[in-house]
Amino acid sequence: MKKAASLLHDMQQLDALTEERGGSQIKFLLYVAAKHPQPVLLRDIEEQLELTQGQVSRIARTFHSVNSEGQPGLNLIDIKFDLYSPRTKLISLNDKGLAALKNAIN
């Protein structure tokens, strides 16, 4: 039951972010979910969603385990660095992110 309450809290935060910032966050999550389980290049998200690098980076930090202010984030995605290109970030949904999206759809 505690997990359900935590997930509900995260979804409420997600709803607030969506209202506040025009839905870019939902588009971000849906794009990453559509590619799941394959990770997505951060720059591909920028191009496909027509967002700036700064916008995508802020959204990614919000959905990662630590946000841009150094506070706990929503922990819905994992961010990894490409082994061959350390400046390239790979984004994928983690288990919590996948569960949150499934819950939002149902």
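We did not get these values from a lab; they are worked out from the coordinates using the rules stated. In this text, all values refer to a predicted model and were calculated from it rather than measured experimentally. We place every Cβ from the backbone using ideal geometry, glycine too, and count neighbours over all the protein chains shown.
Here are a few things to note about the model shown:
- Sequence ranges 60-69, 45-54, ranked by mean other-Cβ count within 10 angstrom, highest first: 60-69, 45-54
- Each residue, Lys80 and Ala34, gets one label point 7 Å from its Cα in the Cβ direction; the gap between the two is 2.3 nm.
- A simple packing score, the average count of other Cβ atoms within 10 Å per residue, orders the peptides 99-105, 83-89 as 99-105, 83-89, with the highest score first.
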